[in-house]
Amino acid sequence: MTQKIVRLHVGVHKTATTYLQQYLLQNRATLAQEGLAYWPTEDIRPRFKLAWEQQVMDQYSRRGRLGTLIRGDRALARMREWFDLDRNILLSEENLLGEGSDFFNGSVYPDAGARLTRLAEALPKNRPLEVWLCLRSYPDFLASIYGEAARFWKVPAPEIFVERHVNPTGRWPELVDQIRTALPQARLHVWAYEDFRRLEPLIVQKMTGVSLARLQPLQQSDVRPSASDRAIRACAALPDDIQGAERMFRMLELEELYPMQDSSDRFSPWTADQREQMEAAWQRDRDCIAKRNDVMFFQ
């Protein structure tokens, strides 16, 4: 009898994750008929956030550790519910690796290993595990994550962000190392964002284990379009005390005031020389990952 597989689609952010999640959600009933339980991000994010924040609090608070000891690890118990099924299981949630504010000081997913180690506590020990990961060129990824983070947090000025991230060499290999350390038994599947449209049929079929003939194309995508350069810079310049929901609504106002006209309006804080150097770093790191024996790299 074939063992049921657990698959984790962990992002990264800004690599068509929302599109894939909506596509899988639209086909959730069909996937269930084929023996796959798909858990969308709406089911995962709040539970995992609670589990991660509890771990952080327990690490720094004696009272927190005592409370967890007395009450039990309820957050862990709730995560285990995802896997308590006699089915193949697929989770898709990019915040398993980290959040947009994690990038402000020049790091790229600095807590990914610790976060995945927390998730690993809930994973069944007797099932095959796969991790699915899409990576993107450094200048495009970092510009996109900055624009997304500006919607919710006070971000550093663009020139400061550039200074902290202009030399990203090794960031993606380091992330792969973190995943490998946290989940050493996992089969790791990786592809590049620029290849996604060409590879999409293969990735979807391999990730779900279901024939594409059984799945319906996404009827309508609700993926949020990127904000323009002027909107992002204006949002980044908002006062420090504008946070959360109010910041999100200010960004909506700015997007209406400064709409994206064409590709020249895309936010890209790098000089031409910086972009060239970062693209070269991406190509080197991409090749490095593709050559790893512990990675299945789709090309």
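The values are calculated or read from the model by the stated rules, or taken from the named source; none is laboratory data. This structure is a prediction, so every number in the text was calculated from the model and none was measured. Positions of Cβ are generated from backbone atoms using ideal geometry, with glycine treated the same way; all protein chains shown enter the neighbour counts. Note: areas computed on protein heavy atoms with side chains; ligands, DNA, RNA excluded. Shrake-Rupley method; radii C 1.70, N 1.55, O 1.52, S 1.80 Å.
Some values worked out for this structure:
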quantity	calculated
Members of region 84-98 that are among the acidic types (Asp, Glu), buried (at least 20 other Cβ atoms within 10 Å of the Cβ) and assigned to a loop (DSSP other than H, G, I, E, B)	Glu93
The lone exception for Glu81 - which of (1) in a helix (DSSP H, G or I); (2) farther than 15 Å from Val56 by Cα; (3) open to solvent by less than 10 Å² (accessible area, probe 1.4 Å) it fails	(3)
Checking Leu133 against (1) assigned to a strand (DSSP E or B); (2) open to solvent by 30 Å² or more (accessible area, probe 1.4 Å), the condition it does not meet	(2)
Residue list for region 15-31, restricted to those being under 23 Å from Leu142 (Cα atoms), open to solvent by less than 10 Å² (accessible area, probe 1.4 Å) and in a helix (DSSP H, G or I)	Thr17, Leu20
Where a residue in region 182-209 is under 23 Å from Leu31 (Cα atoms) and its partner, wherever it lies, is modelled with pLDDT of 95 or more and open to solvent by 90 Å² or more (accessible area, probe 1.4 Å), with Cβ under 8 Å and at least six apart	Arg187/Met296; Leu188/Met296; His189/Lys206; His189/Met296; Val190/Met296
Given (1) in a loop (DSSP other than H, G, I, E, B); (2) crowded, with 20+ Cβ neighbours inside 10 Å, number of the condition Gly147 does not satisfy	(1)
Conditions (1) touching a strand residue (DSSP E or B) at 6+ places or on another chain (Cβ under 7 Å); (2) open to solvent by less than 80 Å² (accessible area, probe 1.4 Å); number of the one not met by Arg187	(2)
Residue count for region 1-35, restricted to those that are among the hydroxyl-bearing types (Ser, Thr, Tyr) and touching a Gly at 6+ places or on another chain (Cβ under 9 Å)	1
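Listed here are the residues, each with its yes/no results for (1) crowded, with 18+ Cβ neighbours inside 10 Å; (2) under 21 Å from the mean Cα position of the chain (by Cα); (3) modelled with pLDDT under 95; (4) farther than 29 Å from Val204 by Cα.
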| site | (1), (2), (3), (4) |
| --- | --- |
| Leu238 | no, no, no, yes |
| Asp241 | no, no, yes, yes |
| Glu246 | no, no, no, yes |
| Glu256 | no, no, no, yes |
| Asp262 | no, no, yes, yes |
| Met278 | yes, yes, no, yes |
| Arg284 | no, no, no, no |
| Ile289 | yes, yes, no, no |
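The rows are residues; the columns are (1) more than 28 Å from Met79 (Cβ to Cβ); (2) of a type in the set (S, T, N, Q); (3) assigned to a helix (DSSP H, G or I).
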| position | (1), (2), (3) |
| --- | --- |
| Thr117 | no, yes, yes |
| Trp153 | no, no, no |
| Glu163 | yes, no, yes |
| Asp177 | no, no, yes |
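Quick grid of which residues meet (1) modelled with pLDDT of 95 or more; (2) open to solvent by less than 20 Å² (accessible area, probe 1.4 Å); (3) closer than 21 Å to Ala281 by Cβ; (4) not small (Gly, Ala, Ser):
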residue	(1), (2), (3), (4)
Ala182	yes, yes, no, no
Tyr193	yes, no, yes, yes
Phe196	yes, yes, yes, yes
Ile203	yes, yes, no, yes
Lys206	yes, no, no, yes
